[in-house]
1. Rounded to the nearest 5, what % of the DSSP beta bridges within the chain are antiparallel ones?
2. What value in Å³ per residue do you get for the convex hull of the alpha-carbon atoms in the range 188-231?
3. Per residue of the range 37-48, in order, report the coupling 6.51 cos²θ - 1.76 cosθ + 1.60 (Karplus, θ = phi - 60°) as ³J(HN,Hα) in whole Hz, putting x for Gly and Pro.
4. Using amide H atoms built 1.01 Å from N in the peptide plane, name the residues 5+ places from residue 30, or on other chains, whose amide H lies under 5 Å from its own.
5. Using bins 5 angstrom wide from zero, how does P(r) for the chain break down, in % of all Cα pairs?
6. Which residue, chosen from 111, 169, 132, occupies the Cα position most advanced towards the positive end of the dipole of the range 104-199, where the dipole is computed from +1 (Lys, Arg) and -1 (Asp, Glu) charges on Cβ about the Cα centre?
7. Find the lysine pairs in the chain meeting two conditions, Cα atoms under 24 Å apart and a separation of 8 or more places or different chains, and report how many there are.
8. Could you tell me the calculated FRET efficiency between residue 225 and residue 251, based on Cβ-Cβ distance and R0 = 30 angstrom, to the nearest 0.05?
Amino acid sequence: MTTGLTRTIVPQMSSENSLESANIVKSESVLNVVFLPATVTPQSLSDDTVIVVDVLRATTTIISALANGATQVLPQPSVDAARRVFAGMDGTSLLGGERKGRIVDGFTNGNSPVEYSTEVASGKTLILATTNGTVAMEHCRQAKQVLIGAMVNLQAVAEAVLHEPSITIMCSGTDGVITSEDIIFAGAMIDRIRSIREAAGIEPGKLTDTAQIATHHWRQVQFQIASGKPLADFFRDARGGINLVRIGLDHDIVFASQIDSLPHVPKLCTESWSIRL
Ligand code: MLT
């Protein structure tokens, strides 16, 4: 079992230029946040466990569909790609997704976490194309492993990555712009990982600058939650939430703000490009 610490061998060269000794140096694990996929190259994630998040709503919807019995979710970079994959599947598939938050013409389903009930999702493959979330996943093709996170499975994902030495939280953003709800998730996830590690006597991990910014943002939100403001209100004021309220999908915001309501950790297999529990 690993301890969350990486061991680095540092060779010490003698005056004769031969290997004299090797010191074991403990290097702390790193917690990083990417505010928008476009700010990093896919290759830069090759050593990382990446947690992809689009709280409103793609990753919340994926977790909900799998929790309600969907066998797999196949994330797609575009509506056309999703249509092509769906055309090649049997009758047990769903074609889900959105444009501007609304169901796409000809799709069987939208991108609402509440619509993927057991009756709808159980035993089905969901082919999903969303504007930001499933596109952000494309950016993670070279990552060491990819997990799907949202507020609803915060604890489960934090426990799953506890011993990972290099963790990046990939925020999807909204239409290429940084969005607060994903940064709130990133800060909450970092806090959760560090507090579980501390309780277990594990080194909590070093924060990059973006991870520090996300953590500060989350602490401010947390402070106001403690004074009675619901998390959903922060989401309503965020870029992704404003659009959902405008088109009458407030119930999705309420669903997405239920911290730790689902114990599942979906994993995106980068070879089969399939998300499963
Ligand atoms: C996305 O992936 O772009 C979002 O989930 C948009 C939405 O709210 O449906």
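Every read-out reported here was derived from the displayed coordinates using simple, explicitly stated rules and does not represent laboratory data. Keep in mind the model is a prediction, meaning the values are calculated, not measured. Virtual Cβ from ideal backbone geometry, glycine too; neighbours counted across all protein chains shown.
1. Restricted to the chain, the bridges split so that about 40 percent are antiparallel.
2. Numbers: hull volume 2.8 nm³, N = 44.
Cα-based convex hull of the range 188-231, divided per residue, equals 64 Å³.
3. Result, rounded to whole Hz: x, 5, 7, 9, 8, x, 4, 5, 9, 5, 9, 9.
4. Result for residue 30 returns 166, 167, 206.
5. 1, 6, 13, 17, 18, 15, 11, 7, 4, 3, 2, 1, 1, 0, 0
6. Result: 169, furthest along the dipole toward the positive end.
7. For the chain, the number of qualifying lysine pairs is 5.
8. Rounded to the nearest 0.05, the efficiency is 0.90.
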